[in-house]
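Just so you know, all these numbers are worked out from the coordinates, no wet-lab data involved. All figures in this text were calculated on a predicted structure; none of them were measured in a lab. Counting neighbours? That spans all protein chains shown, and the Cβs are built from the backbone with ideal geometry, glycine included.
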Amino acid sequence: MTSARRLISRFTRSSDRIELRQDGRVVGEHARAFGRGGTVYNPWHYVLVLARKPGALRNDTPFKHWVLPASLERVRRKLRAAPDGDRQMVDILGAVLTDGLPAVEAACAEALNEGVHSADVILNILVRSRDPGPPVTVMTPEALRLTSIPRIPWTASCHVQPAAPVYHDHPPLPAWAPPDTSPGRT
């Protein structure tokens with residue numbers, strides 16, 4: 001059974017917060033709402049559900065009055081006209097969980113400055129903006145190191161010269177010359 005389907009084991013109320021715990025760790029924390037009949041939603045808690053039901057972004061209660069940062073909201077408005085706009089917006093919102101809101105907002109702003117608003121472009125900008133880290137250095141074992149430059153013998157039976165320069169004991173014959181069969185050439 002996945003952890004999302006397990007019951008919340010405990011919740012704690014304080015004067016201003018409600019904390020939900022599952023298996024001893026905090027899985028949700030909300031500002032406490034006073035009064036009767038009020039419901040408080042945090043739409044970010046539902047982003048994973050949107051992956052299965054992207055249409056919920058347009059119609060469900062947690063998202064109706066969701067105020068997104070300016071560039072994300074502009075992308076959201078532009079994507080409403082696309083046939084798969086909900087799915088694209090869900091992909092962008094899912095990137096917030098891995099890359100963070102500031103990075104996604106910056107990628108949206110960059111895409112909008114270029115006149116595009118598709119999820120593919122925004123996610124590509126995010127991937128390119130990640131720090132790749134230093135390249136991995138692979139050390140060559142001493143037993144595999146070359147001690148001299150390899151020499152390839154030139155024979156009369158070679159009709160095709162390699163495309164890359166190759167070290168020879170003698171210069172290769174021109175392509176128009178017949179093979180040299182003199183005793184010193186091998």
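Test of understanding: among LEU144, LEU93, LEU112, which residue is over 20 Å from VAL47 (Cα atoms), out of contact with any strand residue (DSSP E or B) (no Cβ under 9 Å at 6 or more places or on another chain) and either touching a residue at least 40 places away in the same chain (Cβ under 8 Å) or among the polar types (S, T, N, Q) (or both)?
Just a single option satisfies the conditions, and that option is LEU112.
Of all residues in the stretch 111-147, how many are among the β-branched types (Val, Ile, Thr) and not in a loop (DSSP other than H, G, I, E, B)?
Qualifying residue count, the stretch 111-147: 4.
If you go through the stretch 37-49 one residue at a time, do you hit one that is in contact with a Gly (Cβ under 8 Å, 6 or more places away or on another chain), within 23 Å of ALA109 (Cα to Cα), assigned to a helix (DSSP H, G or I) and not small (Gly, Ala, Ser)?
Within the stretch 37-49, one or more residues are in contact with a Gly (Cβ under 8 Å, 6 or more places away or on another chain), within 23 Å of ALA109 (Cα to Cα), assigned to a helix (DSSP H, G or I) and not small (Gly, Ala, Ser).
Within the group PRO54, PRO83, which residue is touching a residue at least 24 places away in the same chain (Cβ under 8 Å), out of contact with any His (no Cβ under 6 Å at 6 or more places or on another chain) and not in a helix (DSSP H, G or I)?
Of the residues listed, the single one that is touching a residue at least 24 places away in the same chain (Cβ under 8 Å), out of contact with any His (no Cβ under 6 Å at 6 or more places or on another chain) and not in a helix (DSSP H, G or I) is PRO54.
Within the bounds of the stretch 128-140, is there any residue that is in contact (Cβ under 8 Å) with a residue 24 or more places away in the chain and under 34 Å from the mean Cα position of the chain (by Cα)?
yes
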